[in-house]
1. Could you look through the range 32-87, keep only residues that are assigned to a strand (DSSP E or B), among the charged types (D, E, K, R) and without any contact (Cβ under 8 Å) to a residue 60 or more places away in the chain, and pick out the one that is nearest to L117 (Cα to Cα)?
2. From (1) under 16 Å from the mean Cα position of the chain (by Cα); (2) surrounded by 15 or more Cβ atoms within 10 Å (Cβ to Cβ), pick out the condition that doesn't hold for D93.
3. Listed residues L23, L13; which is more than 19 Å from R138 (Cα to Cα) and touching a residue at least 40 places away in the same chain (Cβ under 8 Å)?
4. So, F131, is that one outside any strand (DSSP E or B), under 12 Å from the mean Cα position of the chain (by Cα), more than 22 Å from A40 (Cβ to Cβ) and of a type outside the set (K, R) or not?
5. Quick one: F102 ticks every box in (1) over 18 Å from Q120 (Cβ atoms); (2) at pLDDT 95 or above; (3) not in a strand (DSSP E or B) bar one, so which box is it?
6. Consider the range 109-126. How many of its residues are in a helix (DSSP H, G or I) and under 16 Å from the mean Cα position of the chain (by Cα)?
7. Being of a type in the set (V, I, T) and either touching a Phe, Trp or Tyr at 6+ places or on another chain (Cβ under 9 Å) or surrounded by fewer than 10 Cβ atoms within 10 Å (Cβ to Cβ) (or both) is the filter here, so list the residues in the range 98-146 that pass it.
8. Across the range 36-67, what is the number of residues that are more than 14 Å from the chain's Cα centre (by Cα), among the aliphatic types (A, V, I, L, M) and surrounded by 14 or more Cβ atoms within 10 Å (Cβ to Cβ)?
Amino acid sequence: MNVNFRACTEDDLVIVQKYVLSLYQKDPPAMEMTLPNIQATFWEFTNKPQKGRIVVFEMDNTVVGYAIVVFFWSNEYGGDFIEIDELFVQEDDRGNGIGTAFFEWIEKTWAKKAVALSLQATPSNERAVAFYQRRGFRASPNRHLMKLL
């Protein structure tokens, strides 16, 4: 398996939006919300790259998945966190090591300057939760709360 991880380009947005919709249909958010338009995230990160990146997963010149990576500082942990806001691999390519290769790539590329990788998974997505646990992720000691504005 030869997978390449690179920054999303404007040309990638059509396929990435398709994958966003697939992710939200298969693993819906816990709260009712409007489905996001990946273009807004793309332009936010293009204009403010210190906030994050959209990374596409490419095999044989075909985009087979994506991740939204967000950077933020944690006073509590004394350093940068890398939040994996979304992670998706198209169904036909799951189980081929793409997710594992992505986490290895992210740890080599950005984690040198970070204190933690962070992500959320819906409890019903047991396959994803098990995968993340095998990669060393553990439940946070704090309960995650949010309020949509």
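1. Taking the range 32-87 first, the residues assigned to a strand (DSSP E or B) are 52-59, 62-74, 79-87.
Then keep just the ones that are among the charged types (D, E, K, R); that gives 53, 58, 80, 83, 85-86.
Narrowing further to those that are without any contact (Cβ under 8 Å) to a residue 60 or more places away in the chain: 53, 58, 80, 83, 85.
Numbers: R53: 14, E58: 22, D80: 9, E83: 6, D85: 11 Å.
If we take residues in the range 32-87 being assigned to a strand (DSSP E or B), among the charged types (D, E, K, R) and without any contact (Cβ under 8 Å) to a residue 60 or more places away in the chain, then E83 is nearest to L117 (Cα to Cα).
2. Tallying (1) under 16 Å from the mean Cα position of the chain (by Cα); (2) surrounded by 15 or more Cβ atoms within 10 Å (Cβ to Cβ), D93 fails exactly one: (1).
3. On the way: L13 fails: touching a residue at least 40 places away in the same chain (Cβ under 8 Å).
Checking each option against the conditions leaves just L23.
4. Working: outside any strand (DSSP E or B): yes; under 12 Å from the mean Cα position of the chain (by Cα): no; more than 22 Å from A40 (Cβ to Cβ): yes; of a type outside the set (K, R): yes.
No; evaluated as a whole, the condition is false for this residue.
5. (1)
6. The first filter runs over the range 109-126 and keeps only residues in a helix (DSSP H, G or I), leaving 109, 111-113, 126.
Those left that are additionally under 16 Å from the mean Cα position of the chain (by Cα): 109, 111.
So the count comes out to 2.
7. We begin by selecting, within the range 98-146, every residue of a type in the set (V, I, T); these are 98, 100, 106, 109, 115, 122, 129.
Once the filter is applied, which keeps residues that are of a type in the set (V, I, T) and either touching a Phe, Trp or Tyr at 6+ places or on another chain (Cβ under 9 Å) or surrounded by fewer than 10 Cβ atoms within 10 Å (Cβ to Cβ) (or both), the range 98-146 yields I98, T100, I106, T109, V115, V129.
8. Count: 2.
The values are calculated or read from the model by the stated rules, or taken from the named source; none is laboratory data. Because the structure is a prediction, the values reported are computed rather than measured. Here the Cβ is made from the backbone with ideal geometry for all residues, glycine too, and neighbour counts use every protein chain on show.
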